[in-house]
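Engineer: First the structure, then my questions, so here it is.
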Amino acid sequence: DPSIVTTPDGWVLTVVASNESQLPIAPLTTAVSSREYLVAGTFTGTVTGKGKTTLNGGSLEAGYQIGCGIELGQVRLIGQVGVSTSGSSLTGGLIPTGVTFPISGTLEIHPKPGTVSTVTVDKKTFKAAPVRVTLKDTHIKVDGCVGQSFLRSYATMTSSTTDTDDVVAYYGVTKSV
């Protein structure tokens, strides 16, 4: 559904998306903590009505928000390496007959609470609306995400006059990936 707002000075701002698609794809880094998506959509903003002020233009920003359930925090490898010898004793001393190299270690992983990353794909300034941003087969990614991820599109349109800025935002359907 479109997002619509009527400004205090009488303008009607509308922002909407169509032909949206989001496809999770394998990240180029092959890291299990990376998330990558192939996205597309057309984001349109209009200004209508009989406002009492003169419009100076504005901007339309389109992009995606990626929610990460668990973010990868600090990873530490703690280890110990040693050397010991064993041997037989003779009247003249110890004759080494074996050498060992014991190795032990632990891996500490400190996850952090999830975050939401905003990936702006394009920001178009305009003098007069309607304004449009079309994305096709655009790659977006986020790193450091080890939990479940969520993806949604957004578009924010700002309409400006000499003394005001009015903002309306559209958010697409949140997809669990």
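The values are calculated or read from the model by the stated rules, or taken from the named source; none is laboratory data. What you see is a predicted model; the values in this text were computed from it and never measured. Ideal geometry is used to build each Cβ from the backbone, glycine not excepted, and the neighbour counts take in all protein chains shown. Just so you know, the surface numbers come from the protein's heavy atoms only, side chains and all, with ligands and any DNA or RNA stripped out. Shrake-Rupley method; radii C 1.70, N 1.55, O 1.52, S 1.80 Å.
Engineer: Quick one: net charge around Tyr171, please, counting Lys, Arg +1 and Asp, Glu -1 for every other residue with C-beta under 11 Å from its C-beta.
Structural biologist: Values: positive: Arg152; negative: Asp1.
After counting each charged neighbour, the total is 0.
Engineer: Follow-up. For a label point 7 Å from the Cα of Asp9 along Cα→C-beta, name the residues of the stretch 121-141 whose backbone N is under 15 Å from it.
Structural biologist: Those under the cut-off are 128-129.
Engineer: Hey, any idea what % of the stretch 125-177's accessible area is carbon plus sulfur with a 1.4 Å probe?
Structural biologist: Details: 1490 of 2950 Å².
In the stretch 125-177, the share of accessible area belonging to carbon and sulfur is 51 percent.
Engineer: While we're on this one: Which lysines, on any chain, are close to Lys136 with Cα under 19 Å apart, when same-chain ones fewer than 8 places away are left out?
Structural biologist: Correct list for Lys136: Lys123, Lys124, Lys175.
Engineer: Ordering Arg132, Arg152 from largest to smallest accessible area (1.4 angstrom probe), what's the sequence? Working shown, then result.
Structural biologist: On the way: Arg132 160, Arg152 85 Å².
Ranking Arg132, Arg152 by accessible area, largest first, yields Arg132, Arg152.
Engineer: Could the peptides 160-171, 42-53 be put in order, highest first, of the mean number of other beta-carbon atoms found within 10 Å of their residues? Walk me through the numbers before you get to the answer.
Structural biologist: Details: 160-171: 15.3, 42-53: 18.0.
Highest mean packing first, the order is 42-53, 160-171.
Engineer: Calculated from the structure, Cα Rg over 2.2 N^0.38 Å equals which of (1) 2.02; (2) 1.83; (3) 1.18?
Structural biologist: Label of the calculated value: (2).
Engineer: Determine the per residue accessible area of the chain with all protein chains present and a 1.4 angstrom probe, expressed in square angstrom.
Structural biologist: On the way: 10620 Å² over 177 residues.
Ligands and nucleic acids excluded, the figure is 60 Å² per residue.
Engineer: Need the list of lysines near Lys127 for cross-linking: C-alpha distance under 23 angstrom, and skip anything on the same chain fewer than eight residues off.
Structural biologist: Excluding near neighbours in sequence, the set is Lys50, Lys52.
Engineer: For the chain, with a Gaussian network of springs between Cα atoms less than 10 Å apart, report the residue from Ser33, Ser21, Ser86 with the top mean-square fluctuation.
Structural biologist: Ser86
Engineer: Also, I was wondering about something else. Just by accessible area at a 1.4 angstrom probe, what is the order of Ile4, Ile66, Ile78 from largest to smallest? Walk me through the intermediate numbers first.
Structural biologist: On the way: Ile4 105, Ile66 0, Ile78 65 Å².
Result of the area sort, largest leading: Ile4, Ile78, Ile66.
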